[in-house]
1. Among the residues of region 22-58 satisfying the criterion of being in contact (Cβ under 8 Å) with a residue 24 or more places away in the chain and within 27 Å of ILE391 (Cα to Cα), which is surrounded by the most Cβ atoms within 10 Å (Cβ to Cβ)?
2. Only strands (runs of 3 or more DSSP E) wholly contained in region 287-388 count here; list those with 2 or more residues that are free of Cβ contacts under 8 Å to residues at least 24 places away in the same chain.
3. Restricting attention to region 73-85, does a residue exist that is farther than 18 Å from LEU223 by Cα, modelled with pLDDT under 95, touching a strand residue (DSSP E or B) at 6+ places or on another chain (Cβ under 6 Å) and not polar (S, T, N, Q)?
4. Filtering region 260-280 down to residues that are among the small types (Gly, Ala, Ser) and in a helix (DSSP H, G or I), which residue is farthest from ASP307 (Cα to Cα)?
5. Give me the pairs: first residue in region 59-72 and farther than 21 Å from THR88 by Cα, second residue of a type in the set (S, T, N, Q) and not in a strand (DSSP E or B), beta-carbon distance under 8 Å, and six or more apart or on different chains, which are they?
6. For region 125-163, what are the residues that are among the polar types (S, T, N, Q) and part of a loop (DSSP other than H, G, I, E, B)?
7. When both residues are 6+ apart or on different chains and their Cβ atoms are under 8 Å apart, which pairs have a first residue that lies in region 186-205 and is assigned by TED's automatic domain parsing to the domain that holds LEU26, and a second that is of a type in the set (Asp, Glu) and buried (at least 23 other Cβ atoms within 10 Å of the Cβ)?
8. Tell me yes or no: at least one residue of region 7-18 is in a helix (DSSP H, G or I) and not hydroxyl-bearing (Ser, Thr, Tyr).
Amino acid sequence: MSKFIINKSYKLNGRIEVSGMKNSALPILSACLLIEDNVEISNVPDIKDIEKMFLIMKSLGVKIKKTSSNSFIINAKNINPENIDKQTMKKFRGSILLLGSLLKKFKEVNLPEPGGCIIGNRPIDNHLEALKKLGVKLEEGRGEYKFKAENLVGNEIVIPDFSVTGTENTIIAAVMAEGKTLIKLAACEPHVYDLCSFLNKCGAKIKFGESCHIIEIEGVKKLHGTSYKIIPDQIEAGTYLVLGAITRGEILVDNLNPDHLDSFICRAKQMGVKLKINENSILVKDNPNLKAIREIKTYPYPGFPTDLQSPIGVLATQCLGTTIIHDSIYEGRMGYINELIKMGASAIIADPHRSIISGITKLYGTEINSLDLRAGAAVILAGIIAEGQTIIHNAEIIDRGYEKIENKLKKIGVDIKKIDD
């Protein structure tokens, strides 16, 4: 167990660099299992989720060589699913992304049900139904799934609810299936495009239809090795943009793609945040006149991302007026509001999907908890502007998705230290 200790830090200035995207690296690493040649992946974030993915891959027999701090050479020529680290899989939601690649390489695979952050109901039905359409047979036991696939054959697949990992698993399974696969209602987040770009560079034949929610895949016999750079993490970028908005200094958030943040940028500007947008960076300037907007509602991409719902909730506490935060995707992501209330926020949880936040309110340091990955980032933001000292327990949850966040924050003037118990 770890904890962060934060003392109020105001008028922050400096540059903070965004790491590679967790939600892009995980499916791309999984797709490497399809390839027998060496694959070099760079800009891989140094986070706990990647550590867990590497543990599972190594248990399969994948050879992973680190070439620099964020670059790796992956070779999956000789792997065995019988040796898979099931204990790590049970604790790690991202392990579900290995399913598509393993089913292509092996006719029979037994996998446990994956774990992860408790942020609401996240069934894997979309994954299972899509794979059945490709010819996979399933037997479900107590906490474990038995998959059989004599041959994967392309099909027309509809994925309800724009499931991101469901779309990614289907892409990975279909890329070497016989014939054509048409995925309708596909998720179109930047990391889905990144997975497709990686696979196409390896010899796949994937194209997006007239709608970004339609993906066409022509199965190929073999994929080859390549070198590929993971895109920047727009959720980490959005978190640091909120930091700049609430600390009244000037922060340059570097190594990002502004096009991936259109909805967030629009909302931030409506709240009075001053942004200077460059090609690969955004400068956040001081503006004391932040104002509430009536409602911020999360949607599948390109709508406002659910992963930035809790950070913008902290921003709402520093805006004049009342804002409704509506997470239409998950029903378990409002717990951080109770932590903000402990710090003095004027807020209520209206129902599992909505909270109401009024500002401007002064926050005060206290002992609080990191309830999930994104909630943890939110309470760090709150602790930075709170009077006095804030202690955040369960800090290891934040390490799942933010690379060395305490080191990055120290460089721009945040008084933060991490203690591992």
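The values are calculated or read from the model by the stated rules, or taken from the named source; none is laboratory data. Note that the structure is predicted; figures quoted are calculated from it, not measured. Here Cβ is always computed from backbone atoms with ideal geometry, including for glycine, and neighbour counts include all displayed protein chains.
1. The selected residue is LYS22.
2. It comes to 346-351.
3. yes
4. My answer is ALA268.
5. These pairs meet every condition: ASN70/SER19; ASN70/ASN43; SER71/ASN43.
6. Hits for region 125-163 are ASN151, ASN155, SER163.
7. These pairs meet every condition: ALA187/GLU168; HIS191/GLU168; VAL192/GLU168; LEU195/GLU168.
8. No, there is no match, as no residue in region 7-18 is in a helix (DSSP H, G or I) and not hydroxyl-bearing (Ser, Thr, Tyr).
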